[in-house]
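The values are calculated or read from the model by the stated rules, or taken from the named source; none is laboratory data. Everything numeric in this text was worked out from a predicted model, so none of it was measured. Using ideal geometry, Cβ is built from the backbone for each residue, glycine included, and neighbour counts are taken over all protein chains shown.
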Amino acid sequence: MIRPVQVTFRNMQPFDGVEEEIRARAAGLDTFYPNIIGCRVLVEVPHRHRGRGRHVRIRIELALPGDDVVVSHEPTLHGSLKDVEREAHHKNDDIEAVHKQALMAVHEAFDAARRRLEDFARRQRADVKTHGGSGRAGPRTIPEERSRTLTPS
């Protein structure tokens with residue numbers, strides 16, 4: 001990576017473990033596409049609804065030669081249902097829960113970024129399948145060797 005990774009936390013306190021994980025995952029993306037120019041990551045808590053829990057949103061912007069790849073990880077309903085199933089909600093659990101949710105969101109967002117980066121690299125190498133011809137199938141012919149075996153003797 002040419003430029004260092006920029007990590008921004010919004011509406012939450014920065015966590016050292018989350019930032020270290022982001023930097024490690026961003027460095028790991030170089031193995032899938034070595035020409036990454038820069039990487040910006042935004043970690044935010046979009047709302048503060050006490051009843052629905054504090055979810056973490058991740059946005060990854062990868063600057064590539066000729067194009068940019070943007071990946072957003074949004075909180076899902078599955079996470080909300082898990083929060084409802086908890087027996088009791090304590091004020092002290094908030095920091096630990098946000099930290100765990102942030103790590104999980106980082107893992108899922110960087111997995112999606114890796115897949116998009118692999119797709120971009122395939123398109124750039126022209127490894128993507130293309131459909132040739134007019135799109136219509138022509139008459140089916142049986143090769144001569146095969147046709148001899150199919151005819152009765």
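Look at region 27-40: where a residue is under 10 Å from L117 (Cβ atoms) and a partner is surrounded by fewer than 17 Cβ atoms within 10 Å (Cβ to Cβ) and among the acidic types (D, E), sitting 6+ places away or on another chain with Cβ atoms under 8 Å, you get F32/E118; Y33/E118; I36/D30. Of all residues in region 36-56, those being modelled with pLDDT of 90 or more and either farther than 14 Å from L103 by Cα or in contact with a helix residue (DSSP H, G or I) (Cβ under 9 Å, 6 or more places away or on another chain) (or both) number 7. Annotation note: of L103, L29, the sole residue that is modelled with pLDDT of 90 or more and surrounded by 15 or more Cβ atoms within 10 Å (Cβ to Cβ) is L29.
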